């Protein structure tokens, strides 16, 4: 019930937000979604989905898609037996099940789109195979383990004209959309710095069945350099995407430092990362992530000379909180040369309690399940048969940025954004 | 001071205003740190962690002067103004729950300035029993406003309004279109209504009340002033506004008048420099039950409304 409420509320909010000139111009997918939300309930509009990879994230995506109207989960695929069995159970045996995505590609009937949530290093070839077969793809973030793979996926999507949507769900979150609108309207002034962090306190491991040590690398693929860029591709990707999006730019270069500082358990990826991204005109994004302390959780602190936005907590803060209404009246009267009594005094002061200016909320307090919302967006795009303009570029640029960040850490040097991987607004990736 | 600080400064360049804003802000923050009982490892917080009977050296001259001045205020307000009631008032924090009588009585026995002993030569204080509960709330605010005025005067500012969260307002000079700054105090029980109008000219205006108008427009009960004899807050709705030249006197008076009985008013006022005191009590139905206006005999004759 909760999800149905959020979904309906989201559609309402998207309709409202899409009428904003700022959002309409910057995020064409919003306008498209607002226009398409009422359509698509006819039998011919039924969307048949396949799932490749039904691990933790794949399962979450599948459950979300089961809540969408006029969507059929027609096929599932996983090459790890427990996940395969889980996928069969989740779909009550109705979806055709496969161990190999190639078989699914050959044998599944008329799939409209696939959702890929495999380990990172497998994203590229699976995505490219499906796109080349004329099937739309939703691929979890980050795009791929390497720059080359990310670019190849993008070029394939552009060439085939099929949808390739990357799982950066914050672009579908009304709190972020509202935040973007207010930042773009100039309310927080010139953004000079974004501080973003994601802190957890756990070893980030998944249990390996007893007596099956050979499964360690398969199950804990996030620990190994060959398959994953660790915190950068798994966590930072979301937040660097937000930074790129709010700044309307991509970094020019990145410097960084990473270490295996706390979890010395044989893993190859850093458990402690820090990067500084330089953007045009001197703007900086400062990023860090650790998995040995969770006090500060996660946030993107978007700082302008007039204010700050913290979208994770849905808040906006002014550098100059408005004066008390009575005081404002006093100023207005002075400007108009009016001499009259100002109703200003009153015991509103609370002695020495920790009263602070707490900012204001961007949107009302209800939980947006932005994963559900992005799946809604994807299915609508599939139904319409067209990618949302600009959306893939966000996913691509976030992926390139985090991979360059990792490179800076691993090579211990400043890495410039390579020209051959540049995909700016209103240009083509070549 | 845990509150909004608005400043209006006239007749100065934007650069000077900006400089003054930062200087005043800085000074207010410094005073807040000095007097805060919430700031861990701050001096007041440290004092409140001490055991009774031990002498505590007060290193800060400013803090020591505050202790001495508050002792005088304690005497001139008939023992009503009391900075060592923090432990009792902590019992009254919850808005709905009333603490147990014996719990209040027990804390009250070891609270209050009667439990404090001063060693003026050694610049030390000690508490005869119980846990210290030093709270410089009203004093700190008045002291901060006095310091703000010093800064303004030192920079030749002649027209200004400084507003500490509406409950303490400091003015310099007069409104450009009149002979004073016309200000009124709002009714905390009825937003939109006013309790009294004041003509401010180099005055401070401070208001204490146990009914607060919150940002959401609703009035709330607030038990921040505890009677040092009964250990209880004032139960009836009450609001006290004081117009005075000294912000410190104003803060102490408005706090004391929340607890003083009418019979004590004249004796206490005799010890202070003030211009006007307005005491309003509210009936349970939120209407004004009684409004008393007391003004300095030297400017206007006493009158009761």
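The values are calculated or read from the model by the stated rules, or taken from the named source; none is laboratory data. Since this is a predicted model, take the numbers as computed values, not measurements. Here Cβ is always computed from backbone atoms with ideal geometry, including for glycine, and neighbour counts include all displayed protein chains.
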Does segment A:30-53 hold any residues that are modelled with pLDDT under 65 and within 23 Å of the chain's Cα centre (by Cα), and which are they? A:36, A:37
Residue in segment B:137-147 that is more than 22 Å from residue B:57 (Cβ to Cβ), surrounded by fewer than 23 Cβ atoms within 10 Å (Cβ to Cβ) and under 24 Å from the mean Cα position of the chain (by Cα) present: yes
Of (1) at pLDDT 95 or above; (2) part of a strand (DSSP E or B); (3) more than 11 Å from chain A (Cβ to nearest Cβ), residue B:242 satisfies all except one. Which? (3)
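Could you list, in sequence order, all residues of segment A:60-75 that are assigned to a helix (DSSP H, G or I) and out of contact with any strand residue (DSSP E or B) (no Cβ under 9 Å at 6 or more places or on another chain)? If you could, list the steps in order and put the result at the bottom.
Within segment A:60-75, the subset assigned to a helix (DSSP H, G or I) is A:60-65.
Hits for segment A:60-75 are A:60, A:63, A:64.
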Does residue B:175 fit the bill of being away from every other protein chain (no Cβ under 12 Å) and more than 20 Å from residue B:273 (Cα to Cα)? no
Tell me, which residue of segment B:37-54 that is touching a residue at least 40 places away in the same chain (Cβ under 8 Å) and either within 14 Å of another protein chain (Cβ to nearest Cβ) or surrounded by 13 or more Cβ atoms within 10 Å (Cβ to Cβ) (or both) is nearest to residue B:117 (Cα to Cα)? B:52
Complete set of residues in segment B:222-234 that are over 18 Å from residue B:78 (Cβ atoms) and either over 19 Å from the mean Cα position of the chain (by Cα) or modelled with pLDDT under 70 (or both): B:222, B:223
Please verify whether segment B:106-118 includes one or more residues that are in a loop (DSSP other than H, G, I, E, B) and closer than 29 Å to residue B:265 by Cβ. yes
Out of curiosity, is residue B:196 surrounded by 21 or more Cβ atoms within 10 Å (Cβ to Cβ), within 11 Å of chain A (Cβ to nearest Cβ) and either outside any strand (DSSP E or B) or modelled with pLDDT of 95 or more (or both)? no
Among the residues of segment B:49-70 satisfying the criterion of being in a helix (DSSP H, G or I) and out of contact with any helix residue (DSSP H, G or I) (no Cβ under 7 Å at 6 or more places or on another chain), which is farthest from residue B:248 (Cα to Cα)? B:49
Contact list, first residue from segment B:254-282 and in contact (Cβ under 8 Å) with a residue 40 or more places away in the chain, second anywhere and part of a helix (DSSP H, G or I) and buried (at least 23 other Cβ atoms within 10 Å of the Cβ), beta-carbon distance below 7 Å, six or more apart or interchain, is B:255/B:138; B:268/B:256; B:272/B:253; B:279/B:257
Exactly one condition in (1) buried (at least 21 other Cβ atoms within 10 Å of the Cβ); (2) at pLDDT 95 or above; (3) in a helix (DSSP H, G or I) is false for residue A:277; which is it? (3)
Condition met for residue A:347 (modelled with pLDDT under 95 and either farther than 30 Å from residue A:409 by Cβ or outside any loop (DSSP other than H, G, I, E, B) (or both)): yes
Read through the list (1) closer than 30 Å to residue A:310 by Cβ; (2) surrounded by fewer than 18 Cβ atoms within 10 Å (Cβ to Cβ); (3) at pLDDT 95 or above, then give the number of the only condition that residue A:120 fails. (2)
